[in-house]
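Step one of this worksheet: look at the structure below.
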Amino acid sequence: MDSTDEVIIERRGSAGIIKLNRPKALNSLTLSMVRVIAPALEGFAADPAIASVIVLGEGGRGFCAGGDIRVLHRSGKEGTDEAETFWREEFLLNHAISRYPKPYVVLMDGITMGGGVGLSAHGSHRVVTERTCLAMPETGIGYFPDVGATWLLPRAPGEAGTWMGLTGQTVGAADVIHAGFADHCVASSALPALIDAIAALPAAASTADVHALIRTMAVDAGESRLAANRDVIDRTFSADTVEEILKALAGEPGEFAAEAASVVASRSPTSLKLTLRLLRAGRTSADLAECLDRELGACKGILYNHDFYEGVRAAVIDKDRNPKWSPASLSEVTADAIDRFFIPAQPPLFAR
């Protein structure tokens, strides 16, 4: 379990510690990082001296801002298999985190987006801080919420997950807990003491022991905006078409609905329809593995979709924030066009 420049692996007392170390890139995830994290987790799981694992990001600005979309963009443009290889190994890591046999403590301090959600929200002990800014902003770059988000988002209270998936809006600590993506809020200034306390637990410490320790340091996360607007969210985001959701939002008074309508209308029409269909499919799926397999098929479809390249161009390459979506309207996105994203990836990630 060797450290690299991008991922630092440490042992401290009874804790195995994994630090994402690309602070200038907000710890965005790469294939090489996945290939360090996955075996490190396996090694810590097999080590009887390790009671728990702590995962955090270096730099103070973010836990992990997602996958490195520049790499995915380049792979798609050049026709290499790097993008699919990354998604396959990343999704397998997400699944392994969901089934990890020891306490998996993740500190979601600062920006946590996309792939960062995959590294955190599937864990057993998820900690946010007053600096947490979480989002699944993929509809704004011609993509869709992946890393198992199509399993997580449908299980948020009411239609909060639909709101998060379609708008891609950033939420804070209280909303992250409300949505079921985190368990406790701890002050960012207290995180070093929390790490030391977890590392000081005996090697035989249980999940309950870690949970109890985190609770002793937890603070009130404040009021959840999503909880406060749940009635509006549930009324407007319960429809099974994006057109109906926008119509419901247009008929709803108040700033919250108006803001949601404006944001959704700015997103990729193809991504919106794909995301909603994936979220509704995730609602009736048997498990996370089923959703990850479905997402992988959609990922492969994304590489042949104009909006992904245009969205990444506008957001991170030219940075003009003015994507030209094609098709440009929801009415032009046909059911057949969305069906193409549901061709299963071969081979599947998980045997059934």
> Which residue pairs have Cβ atoms closer than 6 Å, lie 6 or more positions apart in sequence or on different chains, and pair a first residue in the range 166-184 that is under 18 Å from Asp146 (Cα atoms) with a second residue that is part of a loop (DSSP other than H, G, I, E, B) and open to solvent by 40 Å² or more (accessible area, probe 1.4 Å)?
Replying inline: Gly168/Pro137
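Could we say that Leu72 is at pLDDT below 95 and not hydroxyl-bearing (Ser, Thr, Tyr) here?
Numbers: at pLDDT below 95: yes; not hydroxyl-bearing (Ser, Thr, Tyr): yes.
Yes.
On the given criteria, is Glu82 open to solvent by 30 Å² or more (accessible area, probe 1.4 Å), more than 21 Å from Gly16 (Cα to Cα), in contact (Cβ under 8 Å) with a residue 24 or more places away in the chain and not small (Gly, Ala, Ser)? Talk me through it step by step, then tell me what you get.
Values: open to solvent by 30 Å² or more (accessible area, probe 1.4 Å): yes; more than 21 Å from Gly16 (Cα to Cα): yes; in contact (Cβ under 8 Å) with a residue 24 or more places away in the chain: yes; not small (Gly, Ala, Ser): yes.
Here the answer is yes, as Glu82 does meet what is asked.
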>> Being at pLDDT 95 or above and either assigned to a helix (DSSP H, G or I) or farther than 23 Å from Asn94 by Cα (or both) is true for just one of Ala190, Ala182. Which residue is that?
In response: Ala190
> Does Glu42 satisfy the condition of being within 30 Å of Gln346 (Cβ to Cβ) and surrounded by fewer than 16 Cβ atoms within 10 Å (Cβ to Cβ)?
Replying inline: yes
>> Being open to solvent by less than 10 Å² (accessible area, probe 1.4 Å) and in contact (Cβ under 8 Å) with a residue 60 or more places away in the chain narrows it down to one residue among Gly161, Gly140; which is it?
In response: Gly161
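The values are calculated or read from the model by the stated rules, or taken from the named source; none is laboratory data. Keep in mind that this is a model prediction, so the values were computed, not measured. Neighbour counts are summed over all protein chains in view; Cβ atoms, including those assigned to glycine, are modelled from backbone coordinates with ideal geometry. Quick note on the areas: whole protein, heavy atoms, side chains included, nothing else; ligands and nucleic acids left out. Shrake-Rupley method; radii C 1.70, N 1.55, O 1.52, S 1.80 Å.
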